[in-house]
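Asker: Here it is: the structure, laid out below.
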Amino acid sequence: MGELHAELCALAVRWLRRPNSAGGHGCSIAVSECRSGFAGEAPDAIGFRANWNNGSVVVEVKVSRSDFLADRKKPHRQPGAGMGTWRYFMAPEGVIKPDELPEKWGLLEVVKGRCVRPVVGPAALSRNCGTFSKHLDDWRHDPDHDAERDLLVLLLARVGDPERVSLSIREANNANQRLLRELDLARKTISRQRTELWNARSAAPTPETPYADTREARG
């Protein structure tokens, strides 16, 4: 069970990052089993959307019916609690029935162990950005923003020194821009030199050998 649960968590992370046009939720980042505090909620997978329809998406993985039924007793499953602006259960096909879902929870079925099929929820209703936005509003929860903030802070702490990482990325971007400018200059120089060479060849006289002289040379 533990190995299957870990596999489905990894599958959930990939699904969270998948664009809506491909049946996912289009999250900018997604992680699995990251706790929000010493005794806080630890979503099996959570992703965050930015710039458009901002919010968080939680996926809870269930590998058995008993696991799903026990989930209802968790404190962060009570009304008004828990992380996730949008929330889904993920389980192997047939483990969870759509009519058993809590209010505004979606369902993702795993088919053949590797294919995620949205069955209930915004991702199951639309792959069009316009209608997807409307469905997101209809399925929205009021999440625990404090817990989500704590989770993101702890996640950054795992990465290391965020300032050092940010500076490294900035330096790499600056170096990349400098190289692009140098490449563009080199291309323009090569293009100009080719044009000059072509013009020089066109202006040069073409030597001609009379036909009679050619016959004499052969004789």
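Asker: Kindly provide the set of residues from the stretch 53-96 that are part of a loop (DSSP other than H, G, I, E, B), free of Cβ contacts under 8 Å to residues at least 60 places away in the same chain, farther than 21 Å from residue 119 by Cβ and not polar (S, T, N, Q), ordered by number. Spell out how you get there, then give the answer.
Answerer: The first filter runs over the stretch 53-96 and keeps only residues part of a loop (DSSP other than H, G, I, E, B), leaving 53-54, 62-64, 72-74, 78-85, 93-96.
Imposing the further condition that a residue be free of Cβ contacts under 8 Å to residues at least 60 places away in the same chain reduces the set to 54, 62, 72-74, 78-79, 84-85, 93-96.
With farther than 21 Å from residue 119 by Cβ added as a condition, the list becomes 54, 73-74, 78-79.
If the condition is that a residue be part of a loop (DSSP other than H, G, I, E, B), free of Cβ contacts under 8 Å to residues at least 60 places away in the same chain, farther than 21 Å from residue 119 by Cβ and not polar (S, T, N, Q), then 73, 74, 79 are the ones that fit.
Asker: Return a yes/no flag: does the stretch 121-129 have any residue that is on the phi > 0 side of the Ramachandran plot, at pLDDT 90 or above and either hydrophobic (A, V, I, L, M, F, W, C) or surrounded by 10 or more Cβ atoms within 10 Å (Cβ to Cβ) (or both). Walk me through how you get there before you give the answer.
Answerer: Step one: filter the stretch 121-129 for residues on the phi > 0 side of the Ramachandran plot, giving 121.
Still in the running and at pLDDT 90 or above: 121.
Going one step further and asking which of them are either hydrophobic (A, V, I, L, M, F, W, C) or surrounded by 10 or more Cβ atoms within 10 Å (Cβ to Cβ) (or both), we end up with 121.
Checking the stretch 121-129: at least one residue is on the phi > 0 side of the Ramachandran plot, at pLDDT 90 or above and either hydrophobic (A, V, I, L, M, F, W, C) or surrounded by 10 or more Cβ atoms within 10 Å (Cβ to Cβ) (or both).
Asker: Do we find a residue being surrounded by 23 or more Cβ atoms within 10 Å (Cβ to Cβ), assigned by TED's automatic domain parsing to the domain that holds residue 134 and more than 18 Å from residue 143 (Cα to Cα) anywhere in the stretch 45-62?
Answerer: yes
Asker: Which of the residues spanning the stretch 24-52 are more than 14 Å from residue 12 (Cβ to Cβ), in contact (Cβ under 8 Å) with a residue 40 or more places away in the chain and small (Gly, Ala, Ser)?
Answerer: 36, 37, 40
Asker: Working only within the stretch 97-136, note down all residues that are of a type in the set (Lys, Arg) and either without any contact (Cβ under 8 Å) to a residue 60 or more places away in the chain or out of contact with any helix residue (DSSP H, G or I) (no Cβ under 8 Å at 6 or more places or on another chain) (or both).
Answerer: Step one: filter the stretch 97-136 for residues of a type in the set (Lys, Arg), giving 97, 104, 112, 114, 117, 127, 134.
The answer is 97, 104, 112, 117, 134.
The values are calculated or read from the model by the stated rules, or taken from the named source; none is laboratory data. All of these numbers come straight from a predicted model, not from anything done at the bench. When we count neighbours, we look across all protein chains shown, and the Cβ atoms used for this are built from the backbone with ideal geometry, even at glycine.
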